[in-house]
Amino acid sequence: MVIKLLELAGIIKTAFAEGGTGVPQSFTLPNPFSTLTCASGATGLVCVVEKLADFLLLIGAPLATIMVLVGGYMMVTAAGSSEKFSTGKKTILYAAIGLAVIILSKGVAVVIQDIFK
């Protein structure tokens, strides 16, 4: 009964695709990271970390710039309100901290690259 349900779902068809009548004795999966190559010549996991750090920098740097402008706007338009002024200061501080973390992620990618070479 279970085998019939799996056959209907198409799960067992792949096991019998070779024409055999049983489960294959050996099965290997290709490494998906082995085909990745970065500009620095790195491959595998190092390349994934490097590409992730590049993506974070690509997205995070403009976003941090926008948040600094928003924080400055909050400070300028506070009109004497200390609460709005401190909110603007916190926004700028958190944007700067976020940008520093993103820049450090590039450094972490370089360290991981040196470890796995």
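Of the residues that make up the range 86-93, is at least one surrounded by fewer than 16 Cβ atoms within 10 Å (Cβ to Cβ), among the basic types (Lys, Arg), on the phi < 0 side of the Ramachandran plot and at pLDDT 95 or above?
There is at least one residue in the range 86-93 that is surrounded by fewer than 16 Cβ atoms within 10 Å (Cβ to Cβ), among the basic types (Lys, Arg), on the phi < 0 side of the Ramachandran plot and at pLDDT 95 or above.
Going by the conditions given, is Val68 assigned to a helix (DSSP H, G or I) and under 21 Å from the mean Cα position of the chain (by Cα)?
no
What are the pairs with Cβ atoms under 6 angstrom where one residue, in the range 95-113, is farther than 30 Å from Met74 by Cα and the other, located anywhere, is surrounded by 15 or more Cβ atoms within 10 Å (Cβ to Cβ) and of a type in the set (Gly, Ala, Ser)? Sequence gap at least six, or different chains.
If the second residue must be surrounded by 15 or more Cβ atoms within 10 Å (Cβ to Cβ) and of a type in the set (Gly, Ala, Ser), the pairs left are Lys106/Ala53; Ala109/Ala53; Gln113/Ala42.
Of Pro24, Pro30, Pro62, which residue is surrounded by 10 or more Cβ atoms within 10 Å (Cβ to Cβ), out of contact with any strand residue (DSSP E or B) (no Cβ under 7 Å at 6 or more places or on another chain), modelled with pLDDT under 90 and not aliphatic (A, V, I, L, M)?
When all the criteria are applied, what remains is Pro24.
Kindly indicate the residue of the range 71-83 that is assigned to a helix (DSSP H, G or I) and over 34 Å from the mean Cα position of the chain (by Cα) and also surrounded by the most Cβ atoms within 10 Å (Cβ to Cβ) among those meeting that condition.
Val76
Which residue is nearest to Lys51 (Cα to Cα), if the candidates are limited to the range 94-103 and must be surrounded by fewer than 17 Cβ atoms within 10 Å (Cβ to Cβ) and modelled with pLDDT of 90 or more?
That would be Val101.
The values are calculated or read from the model by the stated rules, or taken from the named source; none is laboratory data. Values in this document were obtained by computation on a predicted structure and should not be read as measured data. Cβ: placed from backbone, ideal geometry, glycine included. Neighbour counts: every protein chain shown.
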